[in-house]
Amino acid sequence: MEFTIRRSYFLDRLALVARGVAVHSPMEMLNGILIQVKDNMMVLTGSDTNFTIQTVIMPDEENLLEISQTGSLVIEARMLLELIRRMTGEMISVNSPDGQALLLTGPDGNFELVGKPGSEYVIQPLTRPENHVELPTEVLKSIYEHCAYATSERNSRQVLQGINLEIADGRIAATATDSIRLARQVVPVETDAVCRITVPTGPLGEVTKSLGNVETVDMYCDRRKAQFIFENTLMQITLYEGNFPDATRIIPTKYISTLKMRAADLEGMLNRTSIYTSAASSQTGTVVPVQFKCSAEGLGMRVLSSEVGSCKQVFTDLTYTGEDITVSFNAKLMIEALRGLRSSDQVELDFTGELRPIKITNPDDPTLTMVIVPIRSNV
C-alpha cells in the first residue's frame with residue numbers, strides 16, 4: 001500500500017481508533033491498528049474484541065489523501081501515534097513495499113515500523129442491529145456525566161459496572177447503581193424503538209469523549225451489542241448480560257420529610273466534614289459516617305472520631321417539612337451525588353426513614369434522580 005495524507009489529520013484519526021485498542025493484550029494483534037487502503041478510501045480499525053472503533057477516511061480538501069496503491073497492515077498503536085506526533089511537516093508519505101513493515105517519510109527523514117499482515121487481523125462482526133435511536137449528542141453526554149459515577153468499579157455482578165439504557169414510549173431512561181447508591185436520568189427521544197441494554201461504562205465514556213462538536217449520533221442496539229455511528233465513524237460495544245435492578249422499585253415515592261437548601265451550601269458543609277471522615281477512615285479501615293439531624297429549626301451535621309477529633313456544623317437557611325429525622329451516611333457518596341446532580345441552585349433531599357434510601361433531586365430538573373442508602377451509626 002502507498003498513500004500521502006495531511007499529517008495532523010492522520011494523527012487525529014489514528015488517535016480516535018486507538019481508544020478501542022487493547023492495552024497490554026496477550027493477543028499481539030489487538031495492540032495494533034489495522035490500516036486498510038482501498039481504491040477510494042482508507043479504513044482504520046482498533047479493537048479489544050469487546051469495543052471496536054472503525055473510521056473511514058475519504059479523500060477531500062481537509063485530509064489531502066492521495067492513494068497510489070491498495071493494501072493493509074497492522075501496526076502497534078502506541079509507537080505509530082508517538083512517531084507521527086513527533087514528526088514535523090504538513091504532509092506525510094506512507095507505504096508498505098513488502099506488506100511486512102510501514103515506511104513513513106517526511107521532512108524529518110524516513111522511519112520504518114515493523115507490522116503484521118492485515119489479513120491476520122480478525123475484525124469483529126459489525127452488522128447493524130435493528131433498533132435505532134437518533135440521539136442528540138448532548139443527551140448522550142449528559143447521561144454519561146450524570147450517571148457514570150454511580151456504577152460499580154469492582155462487583156461480582158458485572159451488570160452493575162455499566163449504565164442501563166431503557167428505551168420505550170418515546171423516552172430513554174438511563175440508570176446506574178452499585179447497590180448502595182443510584183443515579184437515573186430520563187430524557188424524551190423521538191423513536192419507536194423498544195430495548196433495554198446495559199452498556200459498559202468505560203467504552204461509553206470513550207464514545208462521549210470522541211463526539212466533539214457532532215450534533216447527533218445514531219445508536220443501533222440489540223441484546224448483544226450497541227453501535228454509535230457519527231461522521232464516518234462506527235463504535236461498537238459488547239453489552240453486559242444479566243438482569244439489571246429495577247430502578248422504579250429502588251427510588252422512593254413516599255417520604256416522611258423533605259429538606260431543601262442551596263446545593264453549594266450543602267456540598268460546602270460536606271466537604272468540611274470529609275476532612276474528618278477521610279482521615280478517620282484511613283486510620284480505622286472502615287467508613288466513618290456523617291450524621292444529619294434535620295428539623296424545622298435547621299440542619300445539624302456532625303462527625304465524631306476518637307482518632308482525629310470532632311466536627312459539628314449547623315445550617316438554618318433552608319426549608320424543611322415533615323418529621324424530625326436523624327440519618328447517617330457516607331459523606332463521599334452524598335458529595336458525588338450532588339456533583340452528579342450538577343445543580344447550580346437548589347437541592348432537595350427526601351427522607352423515608354433512618355435506614356431507608358434518601359432521594360436527592362434538583363427541583364429545576366425533573367429528569368434527574370439520585371439515591372443513596374444510609375448506614376448505621378453509633379454516634
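The values are calculated or read from the model by the stated rules, or taken from the named source; none is laboratory data. Remember, predicted model here, so these are calculated numbers, not experimental data. Note that we place each Cβ from the backbone using ideal geometry, even for glycine, and neighbour counts take in every protein chain shown. Keep in mind that these areas ignore ligands, DNA and RNA; they rest on the heavy atoms of the full protein, side chains included. Shrake-Rupley method; radii C 1.70, N 1.55, O 1.52, S 1.80 Å.
Normalise the Debye intensity by I(0) for region 266-379, one equal point scatterer per Cα, no solvent, then take log10 at q = 0.10, 0.15, 0.19, 0.22 Å⁻¹ and round to two decimals. Here log10 of I(q) over I(0) equals -0.28, -0.64, -1.03, -1.36.
Taking a ≥ b ≥ c as the square roots of the Cα gyration tensor eigenvalues, with a/c under 1.5 meaning rounded and otherwise prolate when a/b beats b/c, else oblate, which class fits region 74-209? Present the calculation step by step, with values, prior to reporting the outcome.
Values: a/c = 2.52, a/b = 2.36, b/c = 1.07.
Here region 74-209 falls in the prolate category.
Volume per residue for region 72-124 equals 85 cubic angstrom (convex hull of Cα atoms). I'd like to know which of ILE325, THR55, HIS24 lies farthest towards the positive end of the charge dipole of the chain, counting +1 on Cβ of Lys and Arg and -1 on Cβ of Asp and Glu. Positive-end residue among those listed: ILE325. Remark: region 114-203 carries a charge dipole of roughly 380 debye about the Cα centre, counting +1 on each Lys and Arg Cβ and -1 on each Asp and Glu Cβ. With semi-axes defined as the square roots of five times the eigenvalues of the C-alpha gyration tensor, the equivalent ellipsoid of the chain measures 50, 23, 18 Å, largest first. This model, with +1 at the C-beta of Lys and Arg and -1 at the C-beta of Asp and Glu, gives region 211-353 a dipole about its Cα centre of some 360 debye. The calculated 222 nm mean residue ellipticity attributable to helices in the chain amounts to -6500 deg cm²/dmol, summing -39500 (n - 2.57) over DSSP H runs of n ≥ 4 and dividing by all residues. Annotated for the chain: lysine pairs at least 8 residues apart or interchain, Cα distance under 22 Å, count 15.
Compute the helix-to-body angle for 331-341: its Cα long axis versus the longest principal axis of the chain, expressed 0 to 90° and rounded to tens. Compared with the principal axis, the helix lies near 60 degrees. Projected onto the charge dipole of the chain (+1 at Lys/Arg Cβ, -1 at Asp/Glu Cβ, origin at the Cα centre), which of VAL74, CYS195, VAL114 gives the Cα projection farthest towards the positive end? Highest projection toward the positive end goes to CYS195.
Expressed as cubic angstrom per residue, what is the convex hull volume of the alpha carbon set of region 157-206?
Working: hull volume 4.1 nm³, N = 50.
Considering the Cα atoms of region 157-206, their hull volume per residue is 82 Å³.
When both region 312-379 and region 31-48 are represented by their alpha-carbon centers, they are found 49 Å apart. Relative contact order, whole percent, for region 43-138 stands at 22, derived from Cα pairs under 8 Å and 6 or more residues apart.
Taking Cα pairs under 8 Å and at least six residues apart, what relative contact order does the chain come out at, in percent?
It rounds to 13 percent for the chain.
Against the main long axis of the alpha-carbon atoms of the chain, helix 7-18 sits at an angle near 50°.
Summing Lys, Arg as +1 and Asp, Glu as -1, what charge do residues with Cβ under 14 Å from the Cβ of MET58 carry, MET58 excluded?
On the way: positive: ARG6, ARG13, LYS38; negative: ASP39, ASP60, GLU61, GLU62, GLU66, GLU231.
Neighbour charge sum, excluding MET58 itself: -3.
Helix 263-284 versus the longest principal axis of the chain: what angle, 0 to 90°, nearest 10, using Cα atoms? The angle comes out at about 90 degrees.
Restricting attention to region 123-192, which trypsin sites (Lys or Arg not before Pro) occupy a DSSP loop and are surrounded by at most 11 other Cβ atoms within 10 Å?
ARG154
Only Lys, Arg, Asp and Glu carry charge here, each on its Cβ (+1 for the first two, -1 for the last two); on that basis region 1-88 has a dipole of about 260 debye about its Cα centre. Rolling a 1.4 angstrom probe over the protein heavy atoms with all chains in place gives the chain an accessible area of 48 Å² per residue. Averaged over residues, the count of other Cβ atoms within 10 Å places the peptides 294-301, 32-39 in the sequence 32-39, 294-301, highest first.
Prolate is the label for region 104-160. Its Cα gyration tensor axes, ordered a ≥ b ≥ c, give a/c of at least 1.5 and a/b above b/c.
Inverting the pair-averaged 1/r between distinct Cα atoms of region 207-302 gives 18.9 Å as its Kirkwood hydrodynamic radius. Over region 285-348, what is the mean sequence separation of C-alpha contacts under 8 Å (at least six apart), divided by residue count, expressed as relative contact order in percent? Averaging sequence separation for qualifying contacts and normalising by length gives 34 percent for region 285-348. Between region 179-228 and region 229-266, the alpha-carbon centres lie 12 Å apart. Size descriptors for region 146-286, from the alpha-carbon set: Rg then Dmax equal 18.3, 54 Å.
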